[in-house]
Amino acid sequence: MSNAPLPLINPVPLPLDKELVLKVIPMPADTNGNGDIFGGWVMAQVDLAGSVLPARHVQGRMATVAVNEFIFKQPVRVGDILSFFSSVTRVGRTSITVQVEVYAERFRSQGQYVKVTEASLTYVAIDDEGRPRPIPR
Ligand SMILES: CC(C)(COP(=O)(O)OP(=O)(O)OC[C@H]1O[C@@H](n2cnc3c(N)ncnc32)[C@H](O)[C@@H]1OP(=O)(O)O)[C@@H](O)C(=O)NCCC(=O)NCCS
């Protein structure tokens, strides 16, 4: 397990066409056996972040129906500041699909951003019985 800071690979500007929907700093309890952040923890945060824009449309219960794509581009470390940006890519009859991009400010390199994850997820508006319902227009 290494605590050495990660080299700053490919710092990039933040996206202008997406909304900041979540910021979080992973803790030591979120690591895997390598000492990096466990991918399942990142997926859970992306699922939460991805639900923010659909929640505005759905106005009620919804469920994640699909993770269409999920790419871990670079590892995440304890102490990185993670920023989650999202945009709606499709509004269907009962479902909404979003793109989520995650940028890390590395420990000791705050203020510079590297893209660590990108994903596409689909959420479905559901009624009280858990069945799909139309999204209010
Ligand atoms: C979400 C759920 C209610 C959808 O039920 P369903 O019978 O599959 O619904 P439908 O086939 O009518 O599809 C509903 C919408 O989801 C979309 N959808 C279904 N499967 C999909 C898939 N694999 N990928 C992308 N979209 C999908 C459909 O295209 C449709 O969207 P539209 O109305 O905008 O065109 C049901 O699958 C479910 O309860 N899944 C479990 C959800 C869950 O536990 N999630 C994890 C915790 S939140």
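The values are calculated or read from the model by the stated rules, or taken from the named source; none is laboratory data. Note that the structure is predicted; figures quoted are calculated from it, not measured. Neighbour counts run over all protein chains shown; Cβ positions are idealised from the backbone, glycine included.
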Among the residues of segment 90-130, count how many are more than 8 Å from the ligand (Cβ to nearest atom) and among the β-branched types (Val, Ile, Thr). 6
Looking at this structure, is Arg56 part of a helix (DSSP H, G or I), of a type in the set (D, E, K, R) and away from the ligand (no atom under 14 Å from the Cβ)? yes
Would you check if Ile37 is of a type outside the set (Gly, Ala, Ser) and out of contact with any helix residue (DSSP H, G or I) (no Cβ under 7 Å at 6 or more places or on another chain)? no
Screening Arg77, Arg133, Arg61 for residues that are of a type in the set (D, E, K, R) and more than 14 Å from the ligand (Cβ to nearest atom) leaves only Arg77
Residue pairs within 9 Å by beta carbon, gap of at least six or interchain, first lying in segment 31-46 and exposed (fewer than 13 other Cβ atoms within 10 Å of the Cβ), second of a type in the set (S, T, N, Q), listed first then second, are Asn34/Ser2; Gly40/Asn32
Single unsatisfied condition, Ser86 versus (1) within 13 Å of the ligand (Cβ to nearest atom); (2) touching a residue at least 12 places away in the same chain (Cβ under 8 Å); (3) under 14 Å from Arg56 (Cα atoms): (1)
Based on what the data block shows, is Arg108 in contact with a Pro (Cβ under 7 Å, 6 or more places away or on another chain) and at pLDDT below 95? yes
Scan segment 47-56 for residues that are buried (at least 17 other Cβ atoms within 10 Å of the Cβ) and either within 26 Å of Leu8 (Cα to Cα) or not aliphatic (A, V, I, L, M) (or both) and jot them down. Ala49, Gly50, Ser51, Pro54
One residue is enough: does segment 33-46 have a residue meeting the conditions modelled with pLDDT of 95 or more, assigned to a helix (DSSP H, G or I) and among the β-branched types (Val, Ile, Thr)? yes
